[in-house]
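Take a look at the structure set out below.
The values are calculated or read from the model by the stated rules, or taken from the named source; none is laboratory data. In this text, all values refer to a predicted model and were calculated from it rather than measured experimentally. Cβ placement follows ideal geometry from the backbone for every residue including glycine, while neighbour counts extend to all protein chains displayed.
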Amino acid sequence: MASQSFVEQRHGLSVGSVFGRSVNVIKANPLATLGVTYVLIALPQLLIGQVGGWALPNRSLTGGGYAAFGLYGLVVAILWLVASGALVQATVAHDQGRSADLREMLQVGAQRALPLFAVYLLFVLGVWIGSIFLLVPGILLAVMWSVCLPAVVAERTGVFGAFGRSRALTKGARWPVFGIMLLAFVIYMLVLIAVGLASVAGYGTFGAFTRGGHISAPMPPSVAVALLRSIVTTVVLTWFTIVGASLFIELRNWKDGPDADRLADIFA
């Protein structure tokens, strides 16, 4: 069958295949992929930061302040889930040889937000409990369940089915999966740290010129610095999210064959 020929020719999972696919997804549809992340994640944070939300953790919060901060966190979480689902859909569409339009991405992201929340909550809880026992079980669970979120969007497996699907896909490739996700996480964190340090340094330099070298209190960065930081964050966050979706696609193709081969098997 078609999938058997693919299995014979497969070369296994690699950093290059996963990272290359993630970059290609963005290159094929930059407006939709980067735009979703920017509008749903980076832009709200930028606006909140400019109107005073950046300094909120440094203030004494009343009951109303805690409620507002909690509401802000909930909204950010919902937008992140919608954006994640949308980016997974873009990756799935790219694997099918087409570009998902913005409407399709947002529709899928909104529809899968609740299952994504449930899967993410169970994932974090399971990994946290596993990490209590000398850390290793937590790492094993994180690797085993590393593609459960994309599975919810791409295959509509259901909440518990997503964990089983991820476990099946990662079986036999968990060391490569661990290496790929660790490398992606390190790159992601290094970029965010560099952006944070650069924005602080840039604002400090600007403050030194405008206030004679003395900055009296912590202040949010200038609009230009904040805008640049949000753009860089958008790119790296989009890439990191699509890496996870690309890992799912690579594992699925590795185990089951590409979409075209699976369809050929069905109608053979």
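Structure notes:
- In segment 218-246, residue modelled with the highest pLDDT [restricted to those that are more than 14 Å from residue 47 (Cα to Cα) and more than 12 Å from the chain's Cα centre (by Cα)]: 232
- Extreme residue, farthest from residue 84 (Cα to Cα), among residues of segment 139-155 that are in contact (Cβ under 8 Å) with a residue 12 or more places away in the chain and not hydrophobic (A, V, I, L, M, F, W, C): 146
- Matching residues, segment 164-175, being of a type outside the set (D, E, K, R) and surrounded by 21 or more Cβ atoms within 10 Å (Cβ to Cβ): 166, 169, 170
- Condition met for residue 206 (at pLDDT 90 or above, surrounded by 12 or more Cβ atoms within 10 Å (Cβ to Cβ) and assigned to a helix (DSSP H, G or I)): no
- Pairs, first touching a residue at least 60 places away in the same chain (Cβ under 8 Å) in segment 244-256, second acidic (Asp, Glu), C-beta under 6 Å, six or more apart: 249/95
Per-residue answers, yes or no, for (1) among the small types (Gly, Ala, Ser); (2) at pLDDT 95 or above:
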residue	(1), (2)
86	yes, yes
98	no, no
102	no, no
119	no, yes
128	no, no
131	yes, no
136	no, no
139	no, no
